[in-house]
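Since the structure comes first, as structure tokens, the remarks are kept for the end.
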Amino acid sequence: MSQDSGPRSPQKPFNDPRADVILRSSDNVDFRTFKAILFSSSSIFDDMFSIPQPSTAPVEDVPVVEMEESARILELLLRFCHPGENPEMETFEDARDVLVVAMKYEMGFVAKAAQIRLLELGHDEPVRVYALACIHMVHDLAHDAARLALQVPEDDLLPTDHVTLHPEYSSVSLKAFVQLVSFHRRCSASLDLLVDGNFNGLVRPGVASCYNCGNPPFWWQEFKKTAKQKLKSRPCSETIDSWAYFPLYTCTSCKPQPTDMMKYIVKLREFIKDRVNQVPLDIDF
Ligand SMILES: [Zn+2]
């Protein structure tokens with residue numbers, strides 16, 4: 001920390017002369033803010049200000065609290081607490097650091113916002129989000145990331161290039177990864193017979209055999225076969241959403257009815273979600 005030039009001041013709203021407390025970042029930036037805002041946002045801050053502060057010399061009679069966090073993270077954290085602010089966590093690292101600090105200060109609403117952002121930013125690499133959640137023992141995020149990982153075929157869960165691996169892969173336990181793969185496989189197994197099922201309420205577009213051609217509808221057999229293959233690899237409802245299905249048929253008597261097919265697919269998506277939601281993710285926290 002440089003003492004030569006003294007602490008720097010950030011922009012509005014953290015330069016308010018009426019502030020009654022200053023949070024000084026680890027890289028020497030003074031954030032002027034209000035105790036009432038901090039109290040209402042964090043029980044840790046509430047406790048902190050309930051006892052006398054043996055802190056740094058006050059500035060203009062405003063107490064200064066030395067923080068362990070950098071200005072970048074402190075600013076994001078405080079912008080969540082200040083009315084009218086809508087902080088943007090632009091990078092995975094921003095959201096990760098905000099999550100960790102929000103947990104430290106027991107700011108649940110900030111932690112939740114960071115989790116949502118991590119799932120957005122980590123959409124294409126859900127195992128990284130899962131690893132982060134396991135490292136910091138964030139139960140909800142681990143579950144959400146494991147469900148997101150169902151959209152990735154099991155063989156593609158891990159990155160192939162070890163040189164550019166993100167740090168989360170170095171810190172997560174192998175056991176946590178095995179638990180993720182086990183979840184993926186159990187979800188896959190839970191859907192194995194679903195497409196064949198003639199369950200209650202499901203509009204089944206096919207018939208056992210057509211009165212005209214005498215065969216089970218060809219397009220229906222093809223749909224079932226392809227759906228089973230796709231769901232085995234990616235056991236989630238998004239698999240059905242992302243599949244542009246163009247049924248082939250030769251007999252007009254048993255040709256697919258678009259309305260029935262749509263009802264079936266909507267119902268199938270619901271069944272997939274229900275089944276997957278019933279599969280537990282066995283993690284240690
Ligand atoms: Zn037919």
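Bear in mind that the values in this text are calculations on the coordinates, not laboratory data. Please read all numbers here as calculations on a predicted model, not as lab measurements. Backbone-built Cβ (ideal geometry, glycine too); neighbour counts: all protein chains shown.
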Using only Cα atoms and rounding to the nearest 10 degrees, what angle (0 to 90) does helix 174-191 make with the longest principal axis of the chain? 30 degrees
Between Pro247, Gly84, Gly6, whose Cα lies farthest towards the positive end of the dipole of the chain when Lys and Arg beta carbons carry +1 and Asp and Glu beta carbons carry -1, centred on the Cα centre? Pro247
Hey, got the Cα dimensions of the chain along the principal axes, in Å, largest first? 92, 38, 30
Beta bridges by DSSP in the chain, antiparallel share as percent, to the nearest 5: 60 percent
For a test of the definition: using alpha carbon positions, the gyration tensor, and the 1.5 limit on a/c, classify the range 92-191 as rounded, prolate or oblate. prolate
What's the extension gain from Thr91 to Ser209 if we count 0.36 nm per residue and subtract their Cα-Cα distance? 36.9 nm
Report, in whole Å, the centroid distance computed from the Cα atoms of the range 245-261 and the range 6-34. 67 Å
Determine the calculated [θ] at 222 nm for the chain from helices alone, applying -39500 (n - 2.57) to every DSSP H run no shorter than 4 residues and normalising by the residue count; nearest 500 deg cm²/dmol. -14500 deg cm²/dmol
Inter-probe distance in nm under a simple model that places probes 7 Å from Cα toward Cβ, at Leu174 and Lys232: 2.8 nm
The ³J(HN,Hα) series, computed from each phi in the range 274-285 with the Karplus coefficients 6.51, -1.76 and 1.60 at θ = phi - 60°, rounded to the nearest Hz and given as x for glycine or proline, is 4, 4, 5, 5, 8, 8, x, 9, 8, 10, 8, 9
For the chain: lysine pairs under 24 Å (alpha-carbon distance), excluding those fewer than 8 apart on one chain: 29
If you check each cysteine of the chain for another cysteine whose beta-carbon is under 4.7 Å away, which ones come up empty? Cys81, Cys134, Cys187, Cys236
State the answer as a single residue: which of Leu158, Gly214, Gln179 lies farthest towards the positive end of the charge dipole of the chain, with beta carbon charges of +1 for Lys and Arg and -1 for Asp and Glu, about the Cα centre. Gly214
